[in-house]
Amino acid sequence: MSVDIPQILRCRNLGLIRHHRQVLAGIDCVFSPGELTAVIGPNGAGKSSLLGCLAGVLPNTAGQLSLNERPCLTIPRAERARLSAFLPQQESPAWSMSAEDLVALGLLPWGQSVKYSQRQTRVAAALQQVDALELARRPVTQLSGGELRRVQLARLLVGDAPLLIADEPGSALDIRHQLQLMATFRQQADAGKTVILAIHDLGLAARYCDRILLLEGGRLRAQGSAEEVLTPSLVAEVYGVDSELRRRGGRVEFVAGDLI
């Protein structure tokens, strides 16, 4: 059922105008298989707009976006839906359904090729990945914000798409489930998938991600490893806070200080 070909997503001078305002400009970057990439930046920096373009939800108004050197505009929607899965920042169920039925919506791009028994197995496995199997029969309208987010994450994972894009996937999650979430995305990347997350928690970005893209004012201010991007001087300029980046037990840690 899954697409086994790794997906390289490339932006060339990507730009976006929304409501007569330039929200993205001159974005040049590559997202590669096996990498977990964090897109960070202050509120209004353009993170959600960039992820919307990457997922095909927002049509870029300048530059080019390609998958494995195929312009995304030439890829049929049905095929693209099988190649990538997207979780937006905010999403509320339009009607009441069970959590397992909501997760199963992630299999729609595969049509009748997924048999009922396979569907049930994949839905249960996806719910298990996000520690939400016990929610399977619960109506989504009766879930807490954190429970609903975990179910939505299961829907993102259930199709086993080679490209995963999630906008603030840890919003509404407690610390245990945030760490579990990042570990899951780390596993997905280690399995060869291309994983892109917009996140606010710079500590999680430093700890789990291979690469970080820092946006400011709709432009790419920096990209690279945590050590290259989360420098005290750059964090001070962009966020207006003191910070420290250190290693403990072989793991990178970001520590925020006081306001500047």
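The values are calculated or read from the model by the stated rules, or taken from the named source; none is laboratory data. Just so it is clear, the model here is predicted, and its values are computed rather than measured. Note that we place each Cβ from the backbone using ideal geometry, even for glycine, and neighbour counts take in every protein chain shown.
At a glance:
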{"item": "Some residue of region 211-222 being within 15 Å of ALA38 (Cβ to Cβ), among the small types (Gly, Ala, Ser) and under 16 Å from the mean Cα position of the chain (by Cα)", "result": "no"}
{"item": "Subset tally (residues that are touching a strand residue (DSSP E or B) at 6+ places or on another chain (Cβ under 7 Å) and of a type in the set (A, V, I, L, M)) for region 171-196", "result": "3"}
{"item": "Options ALA166, ALA172, ALA154; residue that is in a helix (DSSP H, G or I) and of a type in the set (Gly, Ala, Ser)", "result": "ALA154"}
{"item": "2 or more residues more than 29 Å from HIS177 (Cβ to Cβ) and free of Cβ contacts under 8 Å to residues at least 12 places away in the same chain: qualifying helices (runs of 4 or more DSSP H) within region 201-260", "result": "232-239"}
{"item": "Where a residue in region 45-57 is crowded, with 22+ Cβ neighbours inside 10 Å and of a type outside the set (A, V, I, L, M, F, W, C) and its partner, wherever it lies, is part of a loop (DSSP other than H, G, I, E, B) and at pLDDT 95 or above, with Cβ under 6 Å and at least six apart", "result": "GLY46/GLY218; LYS47/GLY41; GLY52/LEU58"}
{"item": "Exclusive hit being at pLDDT below 95 and either within 30 Å of SER66 (Cβ to Cβ) or crowded, with 20+ Cβ neighbours inside 10 Å (or both), set ALA99, ALA85, ALA78, ALA94", "result": "ALA78"}
{"item": "Spans of strands (runs of 3 or more DSSP E) in region 1-114 with at least 2 residues basic (Lys, Arg) and in contact with a strand residue (DSSP E or B) (Cβ under 8 Å, 6 or more places away or on another chain)", "result": "9-18"}
